[in-house]
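Everything on this sheet refers to the single structure shown next.
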Amino acid sequence: MHAGGGYKGYDHQNCIECLKQTVKDKRDVVELDFMFTTDGILVCNHGWSDRSRVASSYDEFRNWQLESGGTPMSAADAIDILKKKKIRLIVDTQEKDVARVYRELLNICRSKNAMGCFRRIIPQIFCESK
């Protein structure tokens, strides 16, 4: 399920509701996009230029109005939803410091007693030709 799956007919939402639906549908694998907010919080977002948005603080991100009406999701929200499930998580990021994303996911999983979730992470690695 790309970007958490769809919600209300919209794809690529990376929102809480789409991830919950993916879990309810008993999917085996889900891909989420991760970016840091300007204040250093890891959130589920494909890129700050998506939908004419600019990099924002966590509070601003939480107040975004997604076209589906879904709720913007932090990485901590995603781990809360996935931690007791056996779903594999494919991590996509546009961040230049990919290791920082994984360190933060590790920290979140440790703090939420969700190391099983961390062990089910699959890095998405690709290279686009220029």
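FYI, it's all coordinate maths here, none of it is from the lab. Model, not experiment: these values are computed from the prediction.
Normalised by the number of residues in the chain, what is the relative contact order in percent for Cα pairs under 8 Å and 6+ residues apart?
On the way: 222 pairs, mean separation 32.3, N = 130.
So the answer I get is 25 percent.
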Is the chain rounded, prolate or oblate when judged by the Cα gyration tensor, a ≥ b ≥ c being the square roots of its eigenvalues, rounded requiring a/c under 1.5 and prolate requiring a/b larger than b/c? rounded
